[in-house]
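The values are calculated or read from the model by the stated rules, or taken from the named source; none is laboratory data. Predicted model only: the values in this text are computed from it and were never measured. Because the Cβ atoms are built from the backbone with ideal geometry, glycine has one as well, and the counts that use them run over all protein chains shown.
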Amino acid sequence: MNFSLLMPELTLAITAVLVILLDLFIKQKSWLAAVSILGLGISSAFALGLWNGTPQSAFNNMLAVDNYAIFFKLLFAGIAILVILASTDYVSKFQRFQGEYYALILLSALGMMLMASTTELITLFISLELVNLSLYALVGFLKDGKSAEASLKYLLLSAVASAVLLFGMALVFGFTGQTQLGEIARSIQSTLAAGQVNSAPAVLVSPGLFVGIVLMIAGFGFKIAMVPFQMWVPDVYEGAPTPVTAYLSVGSKAAGFAIILRVFYSAFIQPSNLGLDWGMIFAVLSAVTMTVGNIIAIQQDNIKRMLGYSSIAQAGYLMVGLATVGLAPALTSAGQAPLLFFLVSYSLTNLAAFIAIIAITSETGSDLIDDFKGMGKRSPWLAAALTLAMISLIGMPPAAGFIAKFYIFSAAVQHDLLWLVIIAVINSVISAFYYLRVVKVMWMNEPASAEKVPASAALIVALIFCSLGVLLFGLLPGLAMNPAGLANMLGF
Amino acid sequence: MGLLSLIIFLPVLGVILIALIPRLAEKTIKWLAAVFTFIPLALAFYLFFVFDRSSGSIGVMQFQENLSWIPAINSFYHVGVDGISLPLVLLMAILGFLVVLISWKVHLRVKEYFIWLLLLETSILGVFASLDLLLFFLFWEIEIVPMYFLISIWGTGRRSYSAMKYVIFTLVGSAFMLAGILALYFTTGSLNMLEITQKIGAAAAVIPLTAIFFLLIIGFAIKLPVFPLHTWLPDAHTDAPTGVSVVLAGALLKMGGYGIIRVCVSIFPDVARTWAPLFIVLAVIGIIYGAAITLRQTDLKRLIAYSSVSHMGYVLLGIFALSQVSLVGASLQMFSHGIVTGLLFAMAGLVMHNAGERDLRKLGGLAKQTPLIAVVFSLAGLASLGLPLTSGFAAEFLVFVGAFSSKVVAGIQVYTLISAIGVVLAAGYILWMIQRVFFGPALEKFNAVKDADKLEMVYMVAFVALILLVGIFPSILTNIYNMGIEPIAKFLIP
């Protein structure tokens, strides 16, 4: 038992408990935010300390400590810090439970970190539920009608998805007799090696394993808001407190992709026709997901709902990367690096958008896109940040979204997915309609009042960080994060 | 940082200054914009003069800068100019500065206006100077953002419709172009335009070369524009503010023509030769249809906009006649159209600003109140219809001669003769327009209309001098064009 490998997670757990305890004694609640950020900072420092070490498998092969896991731990810690910075204003309006709010964010970040490093199905399920339980509470935090409804909806649908996932895992376990990802892969291999190659390997011929894989895709699909498991997204995004929506749209989605990539790449990549099968499933679902997300987003009037559908569409682009991983010849890491780059750029972009929206909506008191009118005159820098985010979401330079899409599409073209790439770029054009609508309302329409939108220093820091990140990733991607360094990070 | 990068990025420096210095007076902003477009102009002229014209550097990229940009995909910050792109860089630098003067009377949200205008200049300069396909695409896409804002905030009429139409058309084109660039990248493993040209012959294509060619040319054809993809142009031109119309007609359309020559024709000479008849037919339709529809316009700006469709038809004809002379003619036509139509839009803007009217049915007799504008407007009109001694004549003449004598496409003589009808139609609509605006009985309602003031004289003189200079000594440009086009034309001979 080498606990030093678990330090990032342990730090977070301790910080979460500490925040709840401190909440009892401290009057000045903004200290709680500071303590949480400090905890996240220490946790990421521990994670950084483990970077580039030899990949290790710990705790009876249940957790992996490889660069892939550390990369995601840093990403989740970063996301949580930004969300907390953006929430301080918002949360200070709550009468009670401010400590719990921060603690829940920390606990869900802990769950996400575990998700990124887990290599075993049971641990996976437990960490997934840790994320889910914290998020149910966060979504319902406002305790008004909409928020409560959103929370309940999220809870019910998510429970169904978890059941489906569990059923899929049970089938996979039934056919391989293993829950550890590497063992599953070996078990599938051994049926091949046992001379059944010519006489049709039972595991691959029987639909059971394949059904298990499909059910797991469905269960994970809920987490990343993949069509047809996207129904919860608009209502939950609209009802949840805006900082939580931001958190859901980046953290929860990134965790979903982290775990899908690890499970499918570690367990189901060999033999290659298995990879081709799920790769093609992801390719088709990706086309459907981005098209549905983009087309419905056009009709939205509420910016949170619109970004909800937009996040569905973005999941579609990300799935192009998953499809590439599946379709690439087995055990080449093509598709991984672009996927990770896209996740980081998407996280920065969407956080920038939501942080600007948090500031604007708390002044106007309305989530309607039309109420953003004249923001270009009232608060030009806020509006400029939101505009940059929208441009990045369309996938236009000089923003990060452009390079991210370029990477992910170029890997796909290389593996015979030109048809999917053409669908994806046409989708990007469609998306320009609704993203530019926000831009248009902000800059072309007359403002409702001349007052500046107030924003706390914490929020401004977070917004500047995200916007500069979007620009840096868009203009100097090689400097910001060399995708070549992202390949082959999966140790297990 | 090399000279070329300075030219490209000085306007961005201007943007940063204008954006970050708080509480700038309107005048200061305009002066800053003028300074940060004048230095690139001076540098562009310097490049033009020191450009090595010796026979040893035919087809060689000069003033190259090559820095690693995104190592993971082998993409470089690689800029440089040869005989084809240098005149276009110069053209944009000239227009960039003159447009600031033309926009001197903008009083609405001045700060933002000049920020977008300068960004527009950088992106167009970047397109002309990039030698890396990803960098090229980056600049190509960046240009959309300033155009969207410029048309939809400072425009007139159905401006937000026109702006959105412009964005969607361009994005559709660039979507296909991106797919084409990716296909090229995976065919050759390189994003360097020069390297791709050499490697494409031996490489195994991921999809047929013809398919890549068409994916790429859709984007360029929309921008040029080629019939039937031209419908965004009249709307965008008509509703854009004067200064933006000048850049749009003057430099932005040339991105399409430049892209066709630089990417489609020089990388895929064989495909271009196979499909040249198709594009020549489209060019002829564009010339005649564009001219015919121009004759029917009653709105001053819309008329000039449609005349661009016709004039860009000559560019397409010259390119796909695929001979050295015709390609030089097409390139010269791009430069000439840039200054001539730029001036026409500037003058139309002046008429609209001073007389407050752009409907040809309500204008008339302005020559009496505004003699200066009338003279310059008529000169620009005559250049547009191709009068000898103006740049328009030299360009169209070269296109016709080059196309007529081209041996690459069968039956090209017939097409050339048909498209010559376009010149007659152009005489029709130009003279008719000038007559409706400036001649006839002087109208009383225009008695208070002022003529051009000193500032406006500055850019009028500059434009007219350029038109005459290129018209009388076309060789100052054709010599340079020849250097860039010779290596391309070499591969086009069947």
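Has the stretch B:183-202 got at least one residue that is in contact (Cβ under 8 Å) with a residue 60 or more places away in the chain, among the aromatic types (Phe, Trp, Tyr), buried (at least 24 other Cβ atoms within 10 Å of the Cβ) and part of a helix (DSSP H, G or I)? There is no residue in the stretch B:183-202 that is in contact (Cβ under 8 Å) with a residue 60 or more places away in the chain, among the aromatic types (Phe, Trp, Tyr), buried (at least 24 other Cβ atoms within 10 Å of the Cβ) and part of a helix (DSSP H, G or I).
Could you say whether any residue in the stretch A:375-387 is surrounded by fewer than 17 Cβ atoms within 10 Å (Cβ to Cβ), more than 10 Å from chain B (Cβ to nearest Cβ) and more than 23 Å from B:GLU143 (Cβ to Cβ)? For the stretch A:375-387, residues surrounded by fewer than 17 Cβ atoms within 10 Å (Cβ to Cβ), more than 10 Å from chain B (Cβ to nearest Cβ) and more than 23 Å from B:GLU143 (Cβ to Cβ): absent. For B:ILE218, the test of being facing another protein chain (nearest Cβ under 9 Å) and either in contact (Cβ under 8 Å) with a residue 12 or more places away in the chain or more than 29 Å from B:SER68 (Cβ to Cβ) (or both) is failed.
Taking the condition in contact with an Asp or Glu (Cβ under 8 Å, 6 or more places away or on another chain), within 27 Å of B:MET460 (Cα to Cα) and touching a residue at least 12 places away in the same chain (Cβ under 8 Å), does B:MET61 pass?
no
Please find, among A:SER366, A:SER379, the residue that is of a type in the set (S, T, N, Q), farther than 19 Å from A:LEU479 by Cβ and without any contact (Cβ under 8 Å) to a residue 12 or more places away in the chain.
Step by step, each of A:SER366, A:SER379 is checked, and only A:SER366 is of a type in the set (S, T, N, Q), farther than 19 Å from A:LEU479 by Cβ and without any contact (Cβ under 8 Å) to a residue 12 or more places away in the chain.
Residue selection: B:PHE114 satisfies the criterion of being more than 9 Å from every other protein chain (Cβ to nearest Cβ), buried (at least 24 other Cβ atoms within 10 Å of the Cβ) and hydrophobic (A, V, I, L, M, F, W, C).
Take the conditions at pLDDT 90 or above and either under 29 Å from A:PRO338 (Cα atoms) or within 14 Å of chain A (Cβ to nearest Cβ) (or both) and apply them to B:LEU120. Does it pass? Yes. Yes or no: B:PHE48 touching a helix residue (DSSP H, G or I) at 6+ places or on another chain (Cβ under 6 Å), more than 14 Å from chain A (Cβ to nearest Cβ) and either modelled with pLDDT of 95 or more or crowded, with 20+ Cβ neighbours inside 10 Å (or both)? The answer is no for B:PHE48. Scanning the stretch A:396-415 for residues that are over 20 Å from B:LEU20 (Cβ atoms), buried (at least 23 other Cβ atoms within 10 Å of the Cβ) and more than 9 Å from chain B (Cβ to nearest Cβ) yields a count of 5.
Report, by residue number, each residue of the stretch B:448-475 that is outside any helix (DSSP H, G or I) and either touching a helix residue (DSSP H, G or I) at 6+ places or on another chain (Cβ under 7 Å) or of a type in the set (Val, Ile, Thr) (or both). Lay out the reasoning, then the answer.
Step one: filter the stretch B:448-475 for residues outside any helix (DSSP H, G or I), giving B:448-453, B:473-474.
Within the stretch B:448-475, B:VAL449, B:LYS450, B:ASP451, B:ALA452, B:PRO474 qualify.
Pairs are defined by a Cβ separation below 8 Å, a sequence spacing of at least 6 or placement on different chains, a first member in the stretch B:481-494 that is assigned to a loop (DSSP other than H, G, I, E, B), and a second member that is of a type in the set (Ser, Thr, Tyr); the pairs so defined are B:PHE491/B:SER266; B:LEU492/B:SER323. Among the residues making up the stretch B:130-165, those that are more than 9 Å from chain A (Cβ to nearest Cβ), more than 18 Å from B:LEU224 (Cα to Cα) and not hydroxyl-bearing (Ser, Thr, Tyr) are B:LEU131, B:ASP132, B:LEU133, B:LEU135, B:PRO146, B:LEU150, B:ILE151, B:TRP154, B:GLY155, B:GLY157, B:ARG158.
Would you confirm, using the coordinates I've provided, whether B:ARG273 is without any contact (Cβ under 8 Å) to a residue 40 or more places away in the chain and surrounded by fewer than 24 Cβ atoms within 10 Å (Cβ to Cβ)? No; evaluated as a whole, the condition is false for this residue. Of the residues B:ILE8, B:ILE18, B:ILE29, B:ILE73, the single one that is away from chain A (no Cβ under 14 Å) and of a type in the set (A, V, I, L, M, F, W, C) is B:ILE29.
Condition (residue is assigned to a helix (DSSP H, G or I) and more than 26 Å from B:VAL60 (Cα to Cα)) applied to the stretch B:255-274: is it met by at least one residue? Among the residues of the stretch B:255-274, at least one is assigned to a helix (DSSP H, G or I) and more than 26 Å from B:VAL60 (Cα to Cα), which makes the answer yes. Scanning the stretch B:220-263 for residues that are within 15 Å of the chain's Cα centre (by Cα) and small (Gly, Ala, Ser) returns B:ALA221, B:ALA236, B:GLY243, B:SER245, B:ALA249, B:GLY250, B:ALA251, B:GLY256, B:GLY257, B:GLY259. With respect to the stated conditions, B:TYR46 is closer than 30 Å to B:GLN324 by Cα, of a type in the set (Ser, Thr, Tyr) and under 23 Å from the mean Cα position of the chain (by Cα).
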